[in-house]
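Take a look at the structure set out below.
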Amino acid sequence: MKEGKHLIIGLFLLALALPSQSFLFAQVDTSADAIGTLNLEIDLKRNSIDQLNRQIDVYETKIEEKQNEAASLLGEVELLENRIAKTELDIEAAEASIDLTNAEIAIVANEIHDQEEVLNRDREMIAEVLREVQVLGDGFGLQILFGTESFSQLFDELERLENVSTDLKGAADHARDARIKLEAKHASSQAKKEQLLAHEDSLVERMTLLDEEQGAKEALVSQTRNSEAEFRLLLNEVNQEQTFINQQISALQAEIEGRLNQSDEVGDSSILSWPINPTVRGISATFHDPTYPFRHLFEHSGLDLPAPTGTPVSSVAPGYVAWTRKGRLYGNYIMVIHTNGVATLYAHLSSINVSPDQFVARGQQIGAVGSTGFSTGPHLHFEVRKNGIPTNPINYLISY
């Protein structure tokens with residue numbers, strides 16, 4: 001009972017000291033011009049993104065049409081040019097999305113500031129009441145009781161106290177609502193920041209893809225000397241090379257596996273190590289990569305691992321070198337046969353450090369990264385073949 005009486009008395013004092021509206025929700029003023037500018041920027045960016053997406057759709061249609069045409073040098077160049085144009089638009093869209101999200105984050109930041117101000121004001125009002133309640137003495141209630149001239153005046157005073165109590169409850173409710181809204185705004189801000197990071201990652205990926213597509217166009221024109229006849233010759237040599245690899249693996253796999261099974265040096269070759277460190281520059285093209293620039297001509301049959309020219313390339317498991325060759329597609333490349341029907345191929349090498357029929361241990365250097373053959377830049381093209389058929393190397397490689 002004492003606590004309730006003290007609270008009412010404290011509320012009464014606060015009601016005398018402050019206007020009743022002091023307990024009500026107070027909105028903090030923010031710059032209308034700044035908010036208006038941000039909202040205008042958001043509208044403009046959304047319109048820009050819509051326009052870019054419509055243009056992207058047009059290029060996607062053109063790309064699909066070109067992919068359905070018979071392979072020709074002119075067609076492939078036009079296909080790559082359309083892909084380059086689409087990727088440039090993708091980059092513009094990603095940049096616009098970053099600007100849009102930054103503007104939305106700024107709007108949320110203003111809203112968070114407003115809610116924090118509201119919450120702080122409500123907390124200050126409630127804290128002031130509590131401080132007044134703490135300094136009151138038990139006798140003050142008697143002063144109110146005996147200091148009034150009539151019971152009617154006493155009831156009027158008590159009714160005012162009830163009104164003040166209602167105002168304080170309203171302020172407390174506002175504080176609770178402000179806290180809930182603030183938590184929601186913080187969650188919204190965090191979601192926007194995560195969205196921003198996703199847009200930034202997309203931008204980096206698109207810029208990398210643009211470099212690869214531009215490099216692919218240059219490589220294609222260079223390899224064919226911008227001649228349709230040379231383009232046909234290139235396709236013919238690529239097909240011959242693939243046929244040779246398939247035939248040779250089938251012929252050598254059983255023979256070499258027999259020799260490996262007799263060796264105590266082999267160990268476990270069912271799990272493959274990485275031929276180069278994949279964490280330095282990552283993987284630029286995956287197995288059957290849908291973004292591979294030449295997918296219209298042939299599937300990407302392995303992993304592309306970018307690295308500076310001369311970076312050492314290691315055997316991923318114990319095995320015998322089946323052959324070292326130079327081809328139009330792979331440039332300088334090595335085929336190593338392991339146990340369990342597995343063979344590995346290392347292509348575009350700048351140099352080769354092993355010879356056919358040589359045993360190689362896991363981790364032994366067999367060559368160096370280069371850009372020979374049909375290549376858009378220094379990288380290792382790495383394949384895993386199971387019974388002669390290309391398969392996804394990720395299914396065999398250990399975690400790095």
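The values are calculated or read from the model by the stated rules, or taken from the named source; none is laboratory data. Bear in mind the structure is a predicted one, so any value in this text is a computation, not a measurement. Glycine gets a Cβ as well: all are built from the backbone with ideal geometry, and neighbour counts include every protein chain shown.
Within the group Leu297, Leu305, Leu345, which residue is under 28 Å from the mean Cα position of the chain (by Cα) and surrounded by 16 or more Cβ atoms within 10 Å (Cβ to Cβ)?
Only one candidate passes the filter, namely Leu305.
With the structure loaded, tell me whether Ala85 is hydrophobic (A, V, I, L, M, F, W, C), in contact with a Phe, Trp or Tyr (Cβ under 6 Å, 6 or more places away or on another chain) and either outside the structural domain of Lys193 (by TED's automatic domain parsing) or crowded, with 17+ Cβ neighbours inside 10 Å (or both) or whether it fails that test. So that I can check it myself, show each step before the final result.
Numbers: hydrophobic (A, V, I, L, M, F, W, C): yes; in contact with a Phe, Trp or Tyr (Cβ under 6 Å, 6 or more places away or on another chain): yes; either outside the structural domain of Lys193 (by TED's automatic domain parsing) or crowded, with 17+ Cβ neighbours inside 10 Å (or both): yes.
When the stated conditions are applied, Ala85 passes them.
If Gly377 passes every condition in (1) farther than 16 Å from Trp274 by Cβ; (2) crowded, with 20+ Cβ neighbours inside 10 Å but one, which one does it miss?
The number of the failed condition is (2).
Condition first: modelled with pLDDT of 95 or more, in contact with a His (Cβ under 9 Å, 6 or more places away or on another chain) and surrounded by fewer than 19 Cβ atoms within 10 Å (Cβ to Cβ). Can you find one or more residues in segment 318-337 that meet it?
No, every residue in segment 318-337 fails to be modelled with pLDDT of 95 or more, in contact with a His (Cβ under 9 Å, 6 or more places away or on another chain) and surrounded by fewer than 19 Cβ atoms within 10 Å (Cβ to Cβ).
Yes or no: segment 264-271 includes at least one residue that is of a type in the set (A, V, I, L, M, F, W, C) and either under 19 Å from Pro390 (Cβ atoms) or in contact (Cβ under 8 Å) with a residue 24 or more places away in the chain (or both).
yes
The rows are residues; the columns are (1) closer than 30 Å to Leu73 by Cβ; (2) not β-branched (Val, Ile, Thr).
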position: Glu205; (1), (2): yes, yes
position: Val221; (1), (2): yes, no
position: Leu233; (1), (2): yes, yes
position: Thr243; (1), (2): yes, no
position: Leu252; (1), (2): no, yes
position: Gln262; (1), (2): no, yes
position: Asn277; (1), (2): no, yes
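Could you grab me the full set of residues in segment 363-395 that are more than 15 Å from Gly310 (Cα to Cα), within 34 Å of the chain's Cα centre (by Cα) and not polar (S, T, N, Q)?
Those that are more than 15 Å from Gly310 (Cα to Cα), within 34 Å of the chain's Cα centre (by Cα) and not polar (S, T, N, Q): Gly363, Gly373, Phe374, Phe382, Glu383, Val384, Arg385, Lys386, Ile389, Pro390, Pro393, Ile394.
Does Ser263 satisfy the criteria of being surrounded by fewer than 16 Cβ atoms within 10 Å (Cβ to Cβ), at pLDDT below 95, outside any strand (DSSP E or B) and of a type in the set (Ser, Thr, Tyr)?
It is true that Ser263 is surrounded by fewer than 16 Cβ atoms within 10 Å (Cβ to Cβ), at pLDDT below 95, outside any strand (DSSP E or B) and of a type in the set (Ser, Thr, Tyr).
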